[in-house]
Structures are given as C-alpha cells and as structure tokens.
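First up is the structure itself, then whatever we jot down about it.
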Amino acid sequence: EEEDEEEEGGDAAQGQKKKKKKRGKKKSGAAAAAKREDDEAFAKWCQETLEATANGTEKMTPEELKKPPKEFWGFKYTGGLRPAFVSPQLKMPEDVLKPDYALDPGGVSLCERQGPKEVPILEGQELETMKEACRLGREVLDTASRFMKAGVTGDQIDRIVYQACIDRKIYPSPLNYFRFPKSVCVSPNEVICHGIPDSRPIEEGDIVNLDISIYHQGYHSDLNETFFIGECDEESHRLVRTAYSALHAAAQLIRPGTFYRDLGNNIHQEAVKANCAVVTTYCGHGVGQLFHGPPKVPHYRKNKAVGVMKPGHVFTIEPMINLGSNGGDRTWPDDWTAVTKDGKRSAQFEHTFLVTESGCEVLTARVGTDRSCMPQYDPAMFQA
C-alpha cells in the first residue's frame, strides 16, 4: 500500500522536491544577505574605530610618513623593508585589568622576575579562565586579519587590535612590555618577529605575520599567523607552508611524557627538507599568569631544554623559519624589530597548547576546527 501511495503521489512528490529546491535557494540567499550585512557592520566598525583613534597620521604627507626615525639614519638594512613613522602609544582605559608591567616606566614584569621555575599545572577554574583568554585572543587575531589588506598600515592594524581589546575588556599584552610601544606585532617580509606597527602601507605580494597576545582576568594567551597579501611568489608560499608544517609536526609530539627538548628535532626536519632554516634566537614558552614563563621551548635540534610534559602544562610553540640556509637574525635600531641577516623572507605560526591526559588541546585553534590537533595546511586559510 505504501508503494502504491508513492506512485499515486509521484507528481506531488516532484512538486515537493521543486519546492525544497526553492527553499534551498531562499536559504542560500538569506545566508548571502546575512554575510553582506555582517561585512557592512564590520566595515562600519573599522571606520568608526579608525576615526575614534585618529592620531594625526591622516594629516601627514606620504613623504612625512615614510621618513625613517632618526635612530635609523645611516643604518645598513639587510633587505628591502624600511621603517616608517610610528605614532604615539595608545593608553588603555582605567577599568581594564592590567598586568604588572603596564604602568611601569620600564615595562618590567616583577612577576616574571620572581616567577616559578617549575611549569604550573592548570586545572579547574584557572584552566577555564585560561581557555577563555585563548578564545578571546583568537577573536582579536581573526578581527585583525579580516581588516588587513593591501593599502592598510601597521598603525591602522594596531588601532583595530586596540579597540577590539577594549570592546572585550582585555589588555593587549605587548603594550608597554619592556616598553614595546604598540598593542600587536606586525612583521612583514624579512621581519622575523617583534615588528613595530608603523605607517608603511602593506603592499600586494607581501607576507605579514600578526602576533596577538592578550591578558584576561589574570591570564595571558599568545598566538600568531602569517598571511599572504594578494598574489605572492612561489618562494613565499613554500616558506609559509614550511613554517606551518614545522608547528604542525611539533604539535604532534605533545602528550604526557614528551621531553620539551624533542620538539626542536621535528621542527628542524621540516625546515631543512624545504631548504629553509630555523631561527635559534627565540623560543616558545610557558604562558598563563606570566606572559613568558617556564618551560622554554627551543625550536632547533640538539637543544638542552629541561622538563617533561605533564597534563595541565600550557605553553606556546612558535617556530620562526627563514628562506635559505641562514637562520641568523639582526635587530633594528628600534631595539625590537628582528630581521633576517640576508634580507630573505621569514614566516612564523604560533599556538597556545594544553597538555591533556591523552594528547593535547589547541587552545587558540580557529573556530570550527578540531581542537585536539592542527588541521592540514591550506593556503586559503591565510589569504588576506
């Protein structure tokens, strides 16, 4: 009887299918409309943010903006990048909870100087607060990368990050940390890390790393990603893929019982097989109540890092990878910007990880991805 009813209702069933398709189109159209509305709201927020944080750069000529600071006069650069005008430091509102270095004239963190030598084990409410800090850090990075495109400046990205933090009542951890002048590190092309956001417009073909760290209810989180600006050359794609693969390979080792010193071996292997080099000057670190604490996580092989992973450990891995065989670095006269010695490009990725009973949790993972592991590399994820 059911079969007969289906035959008799054949035309009606086809009509229902057509109606379903139409409903599908309406749903698709509604989604597109919602996206347009969201994009328009974001663009409006960005415009209002830049207007509210106007700092005088809008009235300066291109020549004035491109003029390097006095300390750079006569400096011999390793690559093609040049510094530009750096606007005055923005101050956070009084009602935002601040780390101990925020108001210190030298940006010194006494907590770090007097901090524990052992890796803290986070659990219970402490761990939940840490996870929330990581979620908020991810939101800020996604906001900054969504805004970034050819033509915008590092200064504008900094103001976007600053406002995104205010909106969430969180503190941008880099701000005044050992007197770092801005809320985010913007590191293009040959800059390895710690690039100070300035008035140089980002250009088509650049690669740019955005390093976000935030402070929420007593806990820091830390993450960064490298992005393609428009069409980039093959070497840049190889470099960024290698930097991501190096972090991915290291993350696969995270589980109770792993020696922290062993992560550098996997990172080194990924770098050399792609004709790239690991920067040895900087390392991953514990993060939480301290911006930088134990353990130290070197990214190179044959390192002497101490410690074994245990459930509850929270730390970053953040390998910096240079094109070619030179992993050396040089610091600009601003005492922050680290660049490659040979002027070739550098790329980096970073996550904050939690050691679990059976493996790891990527606390700063992108929304919608599996937090138990990093996804396979997809260049579209990092196309600005």
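The values are calculated or read from the model by the stated rules, or taken from the named source; none is laboratory data. Nothing here was measured: the structure is a model prediction, and the numbers come from that model. Glycine gets a Cβ as well: all are built from the backbone with ideal geometry, and neighbour counts include every protein chain shown. Surface accessibility is based on the protein's heavy atoms, side chains included, excluding ligands, DNA and RNA. Shrake-Rupley method; radii C 1.70, N 1.55, O 1.52, S 1.80 Å.
Could you please tell me the mean projected area of the C-alpha convex hull for the stretch 181-278, averaged over all directions and given in square nanometres to one decimal? Kindly include the intermediate steps, with their values, before the conclusion.
Values: hull surface 33.0 nm².
The directionally averaged projection comes out at 8.3 nm².
In percent, how large is the relative contact order of the stretch 24-107, given Cα pairs closer than 8 Å and 6 or more residues apart?
Numbers: 21 pairs, mean separation 18.1, N = 84.
Over the stretch 24-107, the number comes to 22 percent.
Of the heavy-atom accessible surface of the stretch 265-327 (probe 1.4 angstrom), what whole percent is carbon and sulfur?
Values: 1280 of 2590 Å².
Carbon and sulfur: 50 percent of the exposed surface of the stretch 265-327.
Run the numbers on the chain and let me know its relative contact order in percent, using alpha-carbon pairs under 8 Å that are six or more apart.
Working: 811 pairs, mean separation 65.7, N = 384.
With pairs under 8 Å counted, the relative contact order is 17 percent.
Let's see if you can work this out: charge +1 on each Lys and Arg Cβ, -1 on each Asp and Glu Cβ, no other charges. What is the dipole magnitude of the chain about its Cα centre, in debye to the nearest 20? Before the final figure, lay out each step's value.
Numbers: 50 positive and 58 negative charges, 238 e Å.
Here the chain has a charge dipole of around 1140 debye.
Which order do peptides 212-223, 79-90, 280-291 fall in by mean Cβ count within 10 Å, highest first? Can you show the working numbers first?
Values: 212-223: 24.2, 79-90: 16.7, 280-291: 21.2.
Result, highest mean first: 212-223, 280-291, 79-90.
From zero up to wherever the largest Cα-Cα distance of the stretch 227-373 sits, split into 5 Å bins and tell me the percent of pairs in each.
Spelled out bin by bin, the stretch 227-373 gives 2, 10, 19, 21, 20, 15, 9, 4, 1, 0 percent.
Can you tell me which of 114-121, 238-245, 254-261 comes out highest on packing, and rank the rest after it, using the mean Cβ neighbours within 10 Å? Don't skip to the end; give the middle numbers.
Working: 114-121: 13.6, 238-245: 23.6, 254-261: 16.6.
Ranked by mean Cβ neighbours within 10 Å, highest first: 238-245, 254-261, 114-121.
So what does the Cα-only Debye profile of the stretch 255-296 read at q = 0.15 Å⁻¹, as log10 I(q)/I(0), no solvent term?
-0.48
Jot down the per residue volume, in cubic angstrom and as a whole number, of the convex hull over the alpha-carbon atoms of the chain. Can you show the working numbers first?
Numbers: hull volume 74.9 nm³, N = 384.
Cα convex hull per residue, to the nearest whole number: 195 Å³.
At 1.4 Å probe size, with every protein chain present, just tell me what the per residue accessible area of the stretch 339-384 comes to in Å². Please report the intermediate quantities before stating the final value.
Numbers: 2030 Å² over 46 residues.
Value returned for the stretch 339-384: 44 Å² of accessible area per residue.
Name the most mobile residue of TRP332, TRP45, TRP73, meaning the one with the largest mean-square fluctuation, in a Gaussian network model of the chain with Cα contacts below 10 Å.
Greatest mean-square fluctuation among the candidates belongs to TRP73.
Tell me, what is a quarter of the convex hull surface for the C-alpha atoms of the stretch 126-240, in nm² with one decimal? Walk me through the numbers on the way to the answer.
Working: hull surface 28.6 nm².
For the Cα atoms of the stretch 126-240, the hull's average projected area reads 7.2 nm².
Rounded to a whole number, what % of the accessible area of the stretch 52-201 do carbon and sulfur atoms account for, probe 1.4 Å?
54 percent
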